[in-house]
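Peer 1: This structure is in structure tokens; I'll ask about it shortly.
No lab work stands behind these numbers, since they all come straight from the coordinates. Bear in mind that the values here come from a model prediction, so they are computed numbers and not experimental data. No Cβ is skipped: glycine too gets one built from the backbone with ideal geometry, and neighbour counts run over all protein chains shown.
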Amino acid sequence: MRTVVLGSDHAGFALRRILTTRLVDLGYAVSEYGATDETAYDYPDAAREVARRVSKGEADFGVLICGTGIGMSMAANKCPEIRAAVAWNEESARLTREHNHANVLCLGARLIEPDEAVKILEAFLSAAPSMEPRHVRRVQKIRELGECTGAPST
Ligand code: RB5
């Protein structure tokens, strides 16, 4: 069974519950981290929980939701092997999965409607990383940036 871990702050709490229900209906194993209601919650704490699990291979995908999706993506991308991307429509979700091999989908609950968020999630989950050499090469270059020291590339 494919496993998805979801996390949100307070701004993403309601949408996280909606997406969790949809994922369970689709047959995914799901676990949730972060806000337990709409009381203020620091988004990097949920990003860390989700990113660590995806990074360690304990989950196939992560979904992180805050007001914009942006803070979550910044935080999650600090973890090794995490490629967290904000998507705002089905096309951006599909492309970031195919071209960037994104493994964490970030959503902005204050910027998209719940129905659209469900469609974006489904587009992300049904796409697959493209193994075309140019995409594989570029994703490898992202990996190597994990060792970036500020020195110019040769
Ligand atoms: C919370 O008010 C908001 O700053 C947060 O949800 C998120 O949008 C940060 O990127």
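Peer 1: What is the Cα radius of gyration of the stretch 51-154 over 2.2 N^0.38 Å, N being its residue count? All intermediate terms of the calculation are to be shown ahead of the outcome.
Peer 2: Numbers: Rg = 14.0 Å, N = 104, 2.2 N^0.38 = 12.8 Å.
Ratio of Cα Rg to 2.2 N^0.38 Å: 1.09.
Peer 1: Only four residue types carry charge here, +1 at the Cβ of Lys and Arg and -1 at the Cβ of Asp and Glu. Report the dipole size of the chain about the Cα centre in Debye, rounded to the nearest 20.
Peer 2: Values: 19 positive and 21 negative charges, 121 e Å.
The dipole magnitude comes to about 580 debye.
Peer 1: Where the Cα atoms of the stretch 1-105 are projected onto their three principal axes, how long is each span, largest first, in whole Å?
Peer 2: Extents along the principal axes: 36, 30, 28 Å.
Peer 1: Tell me, what is the percent relative contact order of the chain, built from C-alpha pairs under 8 Å that lie six or more residues apart?
Peer 2: Values: 302 pairs, mean separation 33.4, N = 154.
Relative contact order, the chain: 22 percent.
Peer 1: Further question: At 7 Å along Cα-to-Cβ for each site, give me the label-to-label distance between R143 and R17 in nm.
Peer 2: 4.0 nm
Peer 1: If you don't mind, another one. Given 0.36 nm per residue, what is the gain on full extension from E38 to N89 after removing their alpha carbon distance, in nm?
Peer 2: Numbers: separation 51, 0.36 × 51 = 18.36 nm, distance 2.49 nm.
That works out to 15.9 nm of additional length.
Peer 1: Something else about it: Which distance in Å, rounded to a whole number, links the C-alpha centroids of the stretch 1-63 and the stretch 77-154?
Peer 2: After rounding, the separation between the Cα centres reads 17 Å.
Peer 1: Right, here's the next one. Ordered by packing density, taken as the mean number of other Cβ atoms within 10 Å over each peptide's residues, highest first, how do 119-125, 76-82, 25-31 rank?
Peer 2: Numbers: 119-125: 20.1, 76-82: 17.4, 25-31: 13.1.
Packing proxy ranking, top to bottom: 119-125, 76-82, 25-31.
Peer 1: How far is helix 13-25 tilted off the main Cα axis of the chain, in degrees rounded to 10, range 0 to 90?
Peer 2: With both axes taken from Cα atoms, the answer is about 80 degrees.
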